1. Tell me which of these G315 doesn't satisfy, since it passes every other one: (1) in contact with a His (Cβ under 8 Å, 6 or more places away or on another chain); (2) surrounded by fewer than 16 Cβ atoms within 10 Å (Cβ to Cβ).
2. Just need a number here: residues in the stretch 121-135 that are over 25 Å from N226 (Cα atoms) and open to solvent by less than 40 Å² (accessible area, probe 1.4 Å).
3. Determine which member of the set R369, R386 is modelled with pLDDT under 85, out of contact with any His (no Cβ under 7 Å at 6 or more places or on another chain) and open to solvent by 40 Å² or more (accessible area, probe 1.4 Å).
4. Just give me the residues in the stretch 45-60 being under 31 Å from the mean Cα position of the chain (by Cα) and over 24 Å from E280 (Cα atoms), in sequence order.
5. Starting from the stretch 369-397, keep only residues that are among the aliphatic types (A, V, I, L, M), then list their pairs with residues that are modelled with pLDDT of 90 or more and open to solvent by 60 Å² or more (accessible area, probe 1.4 Å) whose Cβ atoms are within a distance under 8 Å, requiring at least 6 positions of separation or different chains.
6. Just the residues that are aliphatic (A, V, I, L, M) and open to solvent by 40 Å² or more (accessible area, probe 1.4 Å), please, taken from the stretch 326-348.
7. Quick check: anything in the stretch 604-611 open to solvent by 10 Å² or more (accessible area, probe 1.4 Å), more than 21 Å from the chain's Cα centre (by Cα) and at pLDDT 85 or above?
8. If you take just the strands (runs of 3 or more DSSP E) that sit entirely in the stretch 317-391, which of them hold at least 2 residues that are out of contact with any helix residue (DSSP H, G or I) (no Cβ under 9 Å at 6 or more places or on another chain)?
Amino acid sequence: MAFNFSELNDVQQKAVKTTEGPVLILAGAGSGKTRTLTYRIAYLIDEKKVKPSNILAVTFTNKAANEMKERVEKLIEANIQPLWIGTFHSVCARILRREADALGYERNFSIYDVDDQTQALKKVMSSLNISRQLYTPKMLQNRLSRMKNKYLYPQNYLEAEGDEEMREILPDIYNYYQRVLKESNALDFDDLLIKPIELFNRKPEILKKYADKFKYVLIDEYQDINHAQYLFVKKLAEEHKNICVVGDEDQSIYGWRGADITNILNFNQDFPDAEIFKLEENYRSHNNILQAANSVVKNNEDRMGKQLWTQLEAGSKIIVYENDDEMSEAKKVVETIHDEMYTKKRSFNDIAILYRTNVQSRVIEDELRRNAITYNVVGGIKFYDRKEIKDLLAYLRVIVNPADTVSLKRIVNFPLRGIGETTVNRIEKFAEEDEISLFDAMGRVDEIQKISAAMGNRVIEFYNLITQFIKLKDKLDPTELASSLASEAGLINHYKTEYDQYEAESRVANIQELINSIGEFIERADETNIEANLASFLEEVSLLTDVDQWNDRANAVTLMTLHAAKGLEFPVVYITGLEMGLIPLQRNSADLKELEEERRLLYVGMTRAEQNLYLSYTNRRRRQGAFKHTTPSLFLDEIPVEYLDVRSKDTSQYKPRKNRKNARRKKIEDYFENGSSQDDADQMYKVGQPVYHETFGKGEIINLEGNGDKMKITVHFEDEDLVKKLIKKYANLSPVES
């Protein structure tokens, strides 16, 4: 077919047609980057006659990958099944499913989520006698994740980060934790990224196989990749250099989880011959919104520089609301929704409410419920995180991978079978001594002297149940297997007898919905090059993101964090909490890079709006049980007055003046020197000072050693009656008014 470029502007066409060699497409918000990427893939296949199997396209959500694939197929009117398209994690998992044996893993490995990792770390801490009063499994999980995303091993990480608190224990924790995972034939979420790199380093022939296969590599959202992802991409494209990356440095908002903005800023250093195309025409937002957003982000120094413009009308000015507190802010949100619906005939799903932190949603949700407004929270309790769902998934994971110790321990006594923790510990010790899996040890429970015959019979009964379904795994349809398992394992009966009628019906309905989702997956898999089996389903579930699980077709107002909103668009956007301490968020060690990322985050939020944008702030906000006075965000001072309609009181701290440089400078100084309620100055810390920690609750400082970032702060936390010694730099303590 003759390729039709009528949907593309001149710059987009050039970016699509430049197929050989390195290409960087700097794509501003709403500038049609997905369209450009889609056309580029279609052009490679249809015009350049590249086989789909020789193309690798990486996106940041499964939802985006599926949409892109559908659009390419529609453009060229052909099936592109052999094309590899997906997230970094799904692409890496796919490689590992084929090559895991080269790293000493079986190909049916489990993928551990954060909860699974935490359970594994509890075992590690117990074995290494690490005090739970000094360290929590969640804290250790965060450290290990940070380390892996930077593709660092313990010693390199400690040297690079100067993490004195972990110097003595991190190497042992890491080595033992990785051993526990390998014995369980499991990889955690971060291992999916680093194991392919280890594979490529150890086995150059495997690297060559995939580098030869993927002659064209396309990466979306390049500004948000971490160091491990960067190394993975660089290794695949190093020889042929046919790499096209699409991104926007002004939308780099994941530094806190390892994303490195320098990857996109330095792309032409990695690939000196790179051609750079700037997509600057915005097709989404009215001009007032776009120019206001430009005015904010241009204050950042880490930029390659571009100026978005649009042919759309100026549209309404951005409305800025002042509120007394978060309750009045929530009321104003509802009032605005009603106004949008009645005067502009909006639907609920035209409207998004964005905030910096999840805790801000509670007050807004209360007000929406009181006014019978239907809403969805993206990032709330997700379907696959519900207890009954995780229970059945754990059963299925053990059937696919009997070595999965974490899942096995979850189900061995659920529903109750009278198999206690002491029994499991004795079986586990026997397994370690004989160097066999926990599941295999259960089949030999009669050899363990300290376990009675009656208890042994219970274990064998459970072992036989699982063994029966392992044998049926490849014979039964996955949907039928899951349904039979839920019944025969006693899950359905448990929910019906242990809960009231409403709760029981809800949990059983969720189980049925999970079984339905397995059936839907099998139907979809038949149409793609994904294997239609239980293992593939479990992998997809492990890799789902919040946005992947969001039903964007439901007629409901959407609530989500600014981070979750990236890549989305709505006719109406309401951003709450434009205050110092929230936007920008005040961290314990503020620096210019953090401030710039906060500014980019607001820019992302503003450019989600197509027609109407509302910003709001409060004069006081409740924190740790008490109201604290707040200051309007310095970012408000960066928006020229001609784009704003400010609805504030005469006494407001925020004034829409023509020249607000002095006010802005003062707020920046406060951000760095004094902070908000999370002041990082040494004088904040004194013996007897009440403090608050998100994990441990309220406490009191009982001792201080040293000063600066390495100051050691000893706190007695009253809620859990424990004493912890924290390094100031990582303490994450907030003062509480006594």
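1. (2)
2. 4
3. Step by step, each of R369, R386 is checked, and only R386 is modelled with pLDDT under 85, out of contact with any His (no Cβ under 7 Å at 6 or more places or on another chain) and open to solvent by 40 Å² or more (accessible area, probe 1.4 Å).
4. P52, S53, N54, I55, L56
5. Cβ pairs passing all conditions: A394/R410.
6. Residues satisfying the conditions are M327, M341.
7. Within the stretch 604-611 (the criterion being open to solvent by 10 Å² or more (accessible area, probe 1.4 Å), more than 21 Å from the chain's Cα centre (by Cα) and at pLDDT 85 or above), the answer is yes, since at least one residue qualifies.
8. Hits in the stretch 317-391: none.
The values are calculated or read from the model by the stated rules, or taken from the named source; none is laboratory data. This is a predicted model, so every value here is computed, not measured. Reconstructed Cβ throughout: ideal geometry from the backbone, glycine too, with neighbour counts over all protein chains shown. Just the protein is used for accessible areas: all its heavy atoms, side chains included, with ligands, DNA and RNA removed. Shrake-Rupley method; radii C 1.70, N 1.55, O 1.52, S 1.80 Å.
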